[in-house]
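Here the structure comes first, spelled out in structure tokens, and everything after it is commentary.
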Amino acid sequence: MQRRISHLLRKDDERWTFFRQWLKHPLSIAAISPSSQRLAELMIEELPPGARRVVELGGGTGVFTRALLKSGIAPADLLVLELNEELHQHLRRRFPAAHVVCGDARQLVDIAQRSGYSDGGPADAVVSGLGLLSMPRPLQQSILEAAFGVLGPEGRFVQFTYGPTSPVAKEVLETLGLGVRRAGVAWRNMPPATVYVYTRHKSRGLKPRSMRTP
């Protein structure tokens, strides 16, 4: 009973923390409440088989972070990026063993190098909670290029959206040589969310930054 009460209080604290930040920054935070557990499970189901190293963009209150660690990702193999300073501090308190960094997703390659995360090799997946749907195309392209700069050759970019179609513009996918697959819908999320998976086209997709030739 005590454990159940503690769990409910933690969830209420997460919701309040997230909602308070939405009130302060409504244009930069894409939802008014944290993602649901079902959405987190759906995102994790799309990790590559045997995935060991994961980057999370837009950690928020830690719903995906907690699910990733619970799924078996070691804290040392998890890099969580959050631009909002208060949410960043919240994440650092909750997950002190993970690489939790306050920074811009466009600078992901540099952040991974400076934090020491890239010393362990490329990531197997990037899990994103960013509001790509509302971003202009140049910003989408910069974020995806950075994400695939830290992913291995078979790496996946897993993204959810509240819209009916892929949140990444077709022109951006064509420019970067990426393919997209609709993975599923979390109907019990508020609002319902659709998960998409982005990968490199075999012939011309982006290479990891460390593998690019001058």
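The values are calculated or read from the model by the stated rules, or taken from the named source; none is laboratory data. All of these numbers come straight from a predicted model, not from anything done at the bench. With ideal geometry, Cβ positions are generated from the backbone for all residues, glycine too; neighbour counts draw on all protein chains shown.
Some notes on this structure:
- Looking across Arg200, Arg181, Arg156, one residue alone is within 17 Å of Leu130 (Cα to Cα), modelled with pLDDT of 85 or more and charged (D, E, K, R). It is Arg156.
- Filtered by the rule that a residue be more than 13 Å from Arg53 (Cβ to Cβ) and buried (at least 16 other Cβ atoms within 10 Å of the Cβ), segment 108-134 gives Leu108, Val109, Ile111, Ser128, Gly129, Leu130, Gly131, Leu132, Leu133.
- Counted residues, segment 103-141 - those being farther than 20 Å from Ala74 by Cβ, touching a helix residue (DSSP H, G or I) at 6+ places or on another chain (Cβ under 9 Å), assigned to a helix (DSSP H, G or I) and hydroxyl-bearing (Ser, Thr, Tyr): 0
- Residue in segment 35-47 that is farther than 23 Å from Ser118 by Cβ, at pLDDT 50 or above, assigned to a helix (DSSP H, G or I) and of a type in the set (Val, Ile, Thr) present: no
- Here is the figure for segment 83-102: residues that are crowded, with 16+ Cβ neighbours inside 10 Å and either touching a residue at least 60 places away in the same chain (Cβ under 8 Å) or not in a loop (DSSP other than H, G, I, E, B) (or both) total 11.
- If the condition is being in contact with a Lys or Arg (Cβ under 9 Å, 6 or more places away or on another chain) and buried (at least 18 other Cβ atoms within 10 Å of the Cβ), then segment 47-79 contributes Leu47, Ala51, Thr61, Gly62, Thr65, Ile73, Asp77, Leu78, Leu79.
- Restricting segment 159-178 to residues that are at pLDDT below 95 and not β-branched (Val, Ile, Thr), the residue that is farthest from Leu108 (Cα to Cα): Pro164
- Of all the residues in segment 114-145, those that are in contact (Cβ under 8 Å) with a residue 40 or more places away in the chain, within 24 Å of Ala193 (Cα to Cα) and touching a strand residue (DSSP E or B) at 6+ places or on another chain (Cβ under 9 Å) number 11.
- Every listed requirement among (1) modelled with pLDDT under 90; (2) part of a loop (DSSP other than H, G, I, E, B); (3) over 30 Å from Arg181 (Cβ atoms) is met by Lys11 save one, (2).
- Residue count, segment 153-180 (criterion: in a strand (DSSP E or B) and crowded, with 19+ Cβ neighbours inside 10 Å): 8
- The single condition from (1) under 20 Å from Leu130 (Cβ atoms); (2) part of a helix (DSSP H, G or I) that Val80 fails is (2).
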